[in-house]
Amino acid sequence: MAVRISLLLAAEATRDVPGLDVTVQTPLGPASGRRVTRDVVVVPVLRAGLGMLDAVLELIPTARVGHIGLQRDEITAVASQYYSKLPADLSRSFVLMIDPMLATGGSAVAALDLLRSAGAHDVRMICIVAAPEGIALVERHHPDAAIYTPVVDSGLNAHKFIVPGLGDFGDRLYGT
């Protein structure tokens, strides 16, 4: 299910990426289409974001891929970075940051800070479930970063988990 939702969200988030009209030859005749003409970079926030990556690459197979590793402390809910590997020269790239959960917004802001410091200007975040608190924090720190999500749940519980939410998306996805 995460793959299907991610594909739909990526299609919506990339709707206005510059493209060129092309014609391709099919076995039954020519067909019109559109080819992306701008560099697209997809950056999953590890590890849960990896569950969304294949769907985005299915839509834009020529996209370059970076990775940002953030781990949330279960007591403080503060994110700490443990890994970052980004493609060179993000200044002219259309960047899709993918992370299935936007809870407190701390990880999203940290990842967006990293992308901005790497030169990214045009960044869009795709998440499967969001909380109002996370959206508010991202909008406060990065008002020009668009957030694409199909649902905004009611809020966070005392442990900073989205309610009703999905629990820990990475743990559910990978059975840990």
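What to note about this one:
- Looking across region 57-87, the residues that are within 14 Å of ASP39 (Cβ to Cβ) and in contact with a Pro (Cβ under 9 Å, 6 or more places away or on another chain) come down to ARG64, VAL65, GLY66.
- A single entry from LEU96, LEU90, LEU112 fulfils the requirement of being among the aliphatic types (A, V, I, L, M), closer than 20 Å to THR14 by Cβ, in a loop (DSSP other than H, G, I, E, B) and out of contact with any Pro (no Cβ under 7 Å at 6 or more places or on another chain): LEU90.
- Test result for GLY69, under 21 Å from ALA120 (Cα atoms) and either in contact with a strand residue (DSSP E or B) (Cβ under 9 Å, 6 or more places away or on another chain) or surrounded by 17 or more Cβ atoms within 10 Å (Cβ to Cβ) (or both): yes
- Taking first residues from region 1-24 that are free of Cβ contacts under 8 Å to residues at least 24 places away in the same chain and partners that are of a type in the set (Ser, Thr, Tyr), the Cβ contacts under 8 Å between residues at least 6 apart in sequence or on separate chains come to PRO18/THR37; GLY19/THR37; LEU20/THR37; ASP21/SER32; VAL22/SER32; THR23/SER32.
- Check on GLY105, crowded, with 21+ Cβ neighbours inside 10 Å, more than 20 Å from ALA131 (Cβ to Cβ) and in contact with a Leu (Cβ under 6 Å, 6 or more places away or on another chain): no
Bear in mind that the values in this text are calculations on the coordinates, not laboratory data. Here the structure is a predicted model, which means the values were calculated and not measured. Heads up, the Cβs are rebuilt from the backbone with ideal geometry, glycines too, and the neighbour counts pull from every protein chain shown.
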